[in-house]
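Asker: Supplied in structure tokens, the structure appears directly below.
The values are calculated or read from the model by the stated rules, or taken from the named source; none is laboratory data. None of the values given here were measured: they were computed from a predicted structure. Glycine gets a Cβ as well: all are built from the backbone with ideal geometry, and neighbour counts include every protein chain shown. Accessible surface areas use protein heavy atoms only, side chains included; no ligands, DNA or RNA. Shrake-Rupley method; radii C 1.70, N 1.55, O 1.52, S 1.80 Å.
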Amino acid sequence: MASLINDSGLLGLKRPLETESTNAAAPAPAKVAKTTKKAAPKRAANTGLGFCSLNKKDFGDKIKDCFILEKYEIQPMSFNVEMDVAFFRSFFGSAGVAIVPASYDESTPVVVATLTNRTAGAVFGVSKIKNGNRYSTYELDRMVVILYPSTKQAQVFVSI
């Protein structure tokens, strides 16, 4: 090791250069980039009870998105979903949901389900039917699901 006298007259040691060192450590191997797992693609709700393009959580999230408060923008109060009659019957066939006509199948042109605040809260969960901030809170007043069985399309309309 080499010596060095600094301005105050004290003797200090200088760190040796890597070229001067005889036992210099080998450079660390280059880090290999970690591979990250890709998220599984979202699957549609396909139970033994029919088909829907959204699962229950995503359906509730779409409802909650209709209540987002924006400063200069009106939020869309409707969205489209793909579903068949079997899923519609199993999902909205609970007590309290008004369905017109009462008996329907794939040949029925239009089926309408009307959900009140309480019924929608029972189906989707209370946290999915309200939103707001510290100044005001908005809750779902009514939700209407219109199913077109021949095309397996549904339109959902919400009102505050």
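Asker: Around LYS152, with a cut-off of 14 angstrom between Cβ atoms, what is the net charge of the other residues, counting Lys and Arg +1 and Asp and Glu -1?
Answerer: Charge balance in the 14 Å sphere: -3.
Asker: Can I ask one more? Figure the gain on full extension for ILE68 and SER150 (residue separation times 0.36 nm, minus the Cα-Cα span) and round it to one decimal in nm. Intermediate results must be reported in sequence, preceding the final value.
Answerer: Details: separation 82, 0.36 × 82 = 29.52 nm, distance 3.27 nm.
Taking 0.36 nm per residue and subtracting the Cα distance, the gain is 26.3 nm.
Asker: Taking 0.36 nm per residue of sequence separation and subtracting the Cα-Cα distance, how much length would be gained by fully extending the chain between ASN117 and LYS31, in nm to one decimal?
Answerer: Once the chain is fully extended between ASN117 and LYS31, it gains 25.4 nm.
Asker: If you don't mind, another one. Express in Å², to the nearest 10, the accessible area of THR116 obtained by rolling a 1.4 Å probe over the protein heavy atoms while all chains stay in place.
Answerer: Accessible area, nearest 10 Å²: 60 Å².
Asker: For the range 92-105, take each phi angle, set θ = phi - 60°, evaluate the Karplus expression 6.51 cos²θ - 1.76 cosθ + 1.60, and give the result in whole Hz per residue in order, putting x for glycine and proline.
Answerer: With coefficients 6.51, -1.76 and 1.60, one gets 9, x, 7, 5, x, 8, 8, 10, 10, x, 5, 10, 8, 8 Hz.
Asker: Taking θ = phi - 60°, what integer Hz values does the Karplus form 6.51 cos²θ - 1.76 cosθ + 1.60 yield along the range 110-123, in sequence order, with x for Gly and Pro?
Answerer: Couplings: 9, 10, 10, 10, 10, 10, 8, 4, 5, 5, 5, x, 6, 7 Hz.
Asker: Could you give each residue of the range 134-144 its phi-based ³J(HN,Hα) in whole Hz, using Karplus coefficients 6.51, -1.76, 1.60 with θ = phi - 60°, and x for Gly or Pro?
Answerer: 6, 8, 8, 10, 10, 10, 5, 9, 8, 10, 10
Asker: Shifting gears a bit: Between ASN55 and ARG134, how many nm apart are label points set 7 Å from Cα along the C-beta direction?
Answerer: Reported label-point gap for ASN55 and ARG134 is 3.5 nm.
Asker: If DNA, RNA and ligands are ignored and the probe is 1.4 Å, what is the ranking of LEU54, LEU147 by accessible area, most exposed first? Walk me through the numbers before you get to the answer.
Answerer: Values: LEU54 25, LEU147 0 Å².
Solvent-accessible surface, decreasing: LEU54, LEU147.
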